[in-house]
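I have placed the structure first, in the form of structure tokens, so that the comments after it can refer back to it.
The values are calculated or read from the model by the stated rules, or taken from the named source; none is laboratory data. Everything numeric in this text was worked out from a predicted model, so none of it was measured. All Cβ positions, even for glycine, are placed from backbone atoms using ideal geometry, and neighbour counts span all protein chains on display.
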Amino acid sequence: MEPAFWRARWAEHKIGFHEGHPNAFLEAHIARLDGRYRILVPLCGKSEDLAFLAANGHAVVGVELVEDAAVEFFAEHAIEPTVERRGDHAIYKHGELAIITGDWFATTPELVGQVDGVYDRAALIALAPDVRPKYIEQLRTLVAPGAWGIVVGLEYPEAAFEPPPYSVREPEIRGYYRAVEVLAEARPAAGRIATSGLLAIERCYAVQIR
């Protein structure tokens, strides 16, 4: 999807992908991030997962295209962040929690800083098939090889639903990472896909960056 699509979704408040509470998979499996202090959350929106990770002792850095998402996140938590602008990016920060706004593919290691874990609930499944390998390539520039993380994937009959979110099947996910372990699976509980009537499955994976 073009950036204009996502900016329009936020401007029109069509953000069905926003859960409004910590993700159930993350709540159940956050221990898999033990020992991983600073967690990268790609395409984070204003996810409550950011606050949940921070409340569980992690430093958190999200990356999000739409600046309004960062503004709303901190406003909804009654937090006044500092804002630092670096070229086309802005860094909203309070304590050990930061949201970098700008193009994911133009985000540099210098902007992100050192991270040793990843949490992806809504990034990979938001991207079209031709973009996903580029997303993974960029992820590898920001996260050291061998780092572990949690990824939430989604599978459904592609011909029956107009994405996003996209169906990303387990074999594709296994092709992106050095190691993959299925932690849990469940029917989607929220969003367009949950109300579509399709036989859809969300899977939670522990993954290791190549």
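Taking (1) in contact with a Leu (Cβ under 9 Å, 6 or more places away or on another chain); (2) over 19 Å from residue 122 (Cα atoms) in turn, residue 44 satisfies each apart from (2). Has region 42-64 got any residue that is touching a residue at least 60 places away in the same chain (Cβ under 8 Å), surrounded by 17 or more Cβ atoms within 10 Å (Cβ to Cβ) and of a type in the set (Lys, Arg)? No, the conditions are met nowhere in region 42-64.
Rundown of residues vs (1) assigned to a helix (DSSP H, G or I); (2) among the basic types (Lys, Arg); (3) modelled with pLDDT of 95 or more; (4) in contact with a strand residue (DSSP E or B) (Cβ under 9 Å, 6 or more places away or on another chain), yes/no style:
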| site | (1), (2), (3), (4) |
| --- | --- |
| 99 | no, no, yes, yes |
| 105 | yes, no, yes, no |
| 110 | yes, no, yes, yes |
| 118 | no, no, yes, yes |
| 122 | no, no, no, yes |
| 136 | yes, no, yes, no |
| 145 | no, no, no, yes |
| 154 | no, no, yes, yes |
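Looking across region 124-133 at every residue that is of a type outside the set (Lys, Arg) and touching a helix residue (DSSP H, G or I) at 6+ places or on another chain (Cβ under 7 Å), the one that is farthest from residue 148 (Cα to Cα) is identified as 127. A residue that is exposed (fewer than 13 other Cβ atoms within 10 Å of the Cβ), aromatic (Phe, Trp, Tyr) and under 17 Å from the mean Cα position of the chain (by Cα) can be found somewhere in region 84-107. Of all positions in region 76-87, at least one carries a residue that is assigned to a strand (DSSP E or B), of a type in the set (Asp, Glu) and free of Cβ contacts under 8 Å to residues at least 40 places away in the same chain.
So that you can scan it fast, the table gives a plain yes or no per residue for (1) at pLDDT below 95; (2) within 15 Å of the chain's Cα centre (by Cα); (3) not in a helix (DSSP H, G or I):
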residue	(1), (2), (3)
25	no, yes, no
29	no, no, no
50	no, yes, no
62	no, yes, yes
68	yes, no, no
71	no, no, no
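Residue 102 meets the conditions (1) at negative phi; (2) touching a His at 6+ places or on another chain (Cβ under 8 Å); (3) not acidic (Asp, Glu) in every case but one. The failed one is (1). Picking from residues in region 169-197 that are in contact (Cβ under 8 Å) with a residue 12 or more places away in the chain and more than 29 Å from residue 36 (Cα to Cα), the one that is surrounded by the most Cβ atoms within 10 Å (Cβ to Cβ) is 193. Taking the listed residues 119, 156, 166, the one that is more than 27 Å from residue 54 (Cβ to Cβ), surrounded by 13 or more Cβ atoms within 10 Å (Cβ to Cβ), touching a helix residue (DSSP H, G or I) at 6+ places or on another chain (Cβ under 9 Å) and hydroxyl-bearing (Ser, Thr, Tyr) is 166, with no other qualifying.
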